[in-house]
1. Give Ala117, Ala162 a once-over and let me know the one that is within 16 Å of the ligand (Cβ to nearest atom) and outside any strand (DSSP E or B).
2. Go through the range 256-306 and give me each residue that's touching a Phe, Trp or Tyr at 6+ places or on another chain (Cβ under 7 Å), away from the ligand (no atom under 16 Å from the Cβ), hydrophobic (A, V, I, L, M, F, W, C) and under 18 Å from Phe135 (Cα atoms).
3. Return the residues of the range 133-159 that are within 11 Å of the ligand (Cβ to nearest atom), free of Cβ contacts under 8 Å to residues at least 60 places away in the same chain and part of a strand (DSSP E or B); say none if nothing qualifies.
4. Which is surrounded by fewer than 20 Cβ atoms within 10 Å (Cβ to Cβ), outside the structural domain of Pro376 (by TED's automatic domain parsing) and of a type in the set (Asp, Glu), of Glu277, Glu203?
5. Taking the range 85-96 only, how many residues are more than 11 Å from the ligand (Cβ to nearest atom), surrounded by fewer than 24 Cβ atoms within 10 Å (Cβ to Cβ) and either of a type outside the set (A, V, I, L, M, F, W, C) or under 25 Å from Asp142 (Cβ atoms) (or both)?
6. Could you tell me how many of the residues in the range 168-184 are under 30 Å from Asp224 (Cβ atoms) and either part of a loop (DSSP other than H, G, I, E, B) or β-branched (Val, Ile, Thr) (or both)?
7. Output the residues belonging to the range 35-83 that are closer than 22 Å to Tyr167 by Cβ, out of contact with any Cys (no Cβ under 9 Å at 6 or more places or on another chain) and among the small types (Gly, Ala, Ser).
8. Considering each of Gly77, Gly51, Gly29 in turn, give the residue that is in contact with a strand residue (DSSP E or B) (Cβ under 7 Å, 6 or more places away or on another chain), at positive phi and away from the ligand (no atom under 14 Å from the Cβ).
Amino acid sequence: MKLPADSNATGRDLGREEIALLKEVIESGTLNATKGTMVKRFVKGFAEMYGVPFAHAVTSGTASLHTALAAINPDPGDEIITTPITDMGGIAPILYQNAIPVFADVDPVTLNITAEAIGPKITKRTKAIMVVHLFGKPADMDPIMAISKEHNIPVIEDCCQAYFAQYKGKNVGTIGDIGCFSLQQGKHMTTGEGGIIITKDPELERRIRLFIDKAWGYGDPKPDHYFLALNYRMTELQGAAALAQLAKVKNVVKRRRETALMLTERLKDTPGIALPESTRKSVHVFWKYPLIVDTGLFGVDVVRFSAMLKERDIFSAPRYIQKPAFMCEVLRDKRTYGKSRCPYNCPSRKNEKEIVYDIDEYPGTMKALERVLVLPWNEFYTGEHVDYIAENIKEVAKFYLSRKEKERV
Ligand SMILES: *Cc1c(COP(=O)(O)O)cnc(C)c1O
């Protein structure tokens, strides 16, 4: 059986609506958002759906996270606490703002960072906490927000995988100070590339708006380029597609949740496989469907488990990103600006402890990556697809389990 995939039309809800709005843009002759209407309509609609006063569109999820950090405006050598299990698009912007990523360990089951792990990482140089709601599962925000309040440190929520995921009845992205989203090909809604950023705070909004557009003070009595900033403006072509996608995204979330919960039902009694939880308190939106495989019980690693699923046409990503972010060359060897290794050793850190990434501080992360098997998920999956996936996972699990038992006798 061939499953729908988000890399092409089998698994993307793109069609008439996008074409109609794109035609409008082309015929208008205005492809730039400053003079056009599509991006404006899109961000207005997005802000309304999230119940926030401000939303801005940018060129990618990475750009949205960079913009969020630039709005917070850390000094060189300041520290940003985040998770080692995320897209590099959530980490590179920290270094681009000359701040240092400091990693907190994750819960080995949800793969999200926890307040317990963040607390000890706070120093007088911590300027923000970036929380990723991985795979669409909300992180446990109450205790994280308590730390944020106690130390007066803003929280950026990376919601690139978590459109309309809810934590205690609130949409993630509206709990911290800034919410960031991606419109890349594989996300819940897409324009190929693109991003969105939301906030309730007027001061942050001002810096966000300026950073996206070279910090030129449009509409001010005496405009100038107020500070160092880039051009992250979305085009009207992306805006048109985004506006059409916006009308669909809630339904996409609903369809993904329905079939994901079906899979949970089918697999719930399978020994050795822990399933992602979705509760009323924490609504999972299933960007992916991560399985936690008890590799000891099956006597096999997730790479082998995944290979046997692939023989049955079921693709999965064992170990998700393979290794924690701090083991990637860019961070491990501090390959940043020329040969400088800035900001790790910038002058303002002369009297500070050197930042070293020690694998022994991350038992949750290492355990999580060893056991996670990430199934792609899609709004076009049907009950038949789910049955097929469930049956094959159960058969593969049974195969390894009986092999292990035979070894024992
Ligand atoms: C996709 C993603 C990003 C980066 O978004 P791009 O649009 O690819 O730049 C950042 N963080 C997370 C958690 C993501 O899933």
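The values are calculated or read from the model by the stated rules, or taken from the named source; none is laboratory data. Fair warning: this is a prediction, and the values are worked out from it, not measured in the lab. Every residue, glycine among them, receives a Cβ derived from its backbone with ideal geometry; neighbour counts consider all protein chains shown.
1. Ala162
2. Scanning the range 256-306 gives Ala260, Leu263, Val293.
3. Glu157 - this is the single residue of the range 133-159 that is within 11 Å of the ligand (Cβ to nearest atom), free of Cβ contacts under 8 Å to residues at least 60 places away in the same chain and part of a strand (DSSP E or B).
4. Details: Glu277 fails: outside the structural domain of Pro376 (by TED's automatic domain parsing).
Exactly one of Glu277, Glu203 is surrounded by fewer than 20 Cβ atoms within 10 Å (Cβ to Cβ), outside the structural domain of Pro376 (by TED's automatic domain parsing) and of a type in the set (Asp, Glu), namely Glu203.
5. Start the filter on the range 85-96 by keeping residues that are more than 11 Å from the ligand (Cβ to nearest atom), which leaves 94-96.
If we keep only those that are surrounded by fewer than 24 Cβ atoms within 10 Å (Cβ to Cβ) as well, we get 95-96.
Next, only the ones that are either of a type outside the set (A, V, I, L, M, F, W, C) or under 25 Å from Asp142 (Cβ atoms) (or both) stay: 96.
Total meeting the criteria: 1.
6. Residues that pass the stated criteria total 2.
7. Here is the first cut: in the range 35-83, the ones closer than 22 Å to Tyr167 by Cβ are 46-55, 61, 64-65, 68, 72, 80-83.
After this cut, where a residue has to be out of contact with any Cys (no Cβ under 9 Å at 6 or more places or on another chain) as well, the list is 46-55, 72, 80-83.
Ala47, Gly51, Ala55, listed by residue number.
8. Gly77
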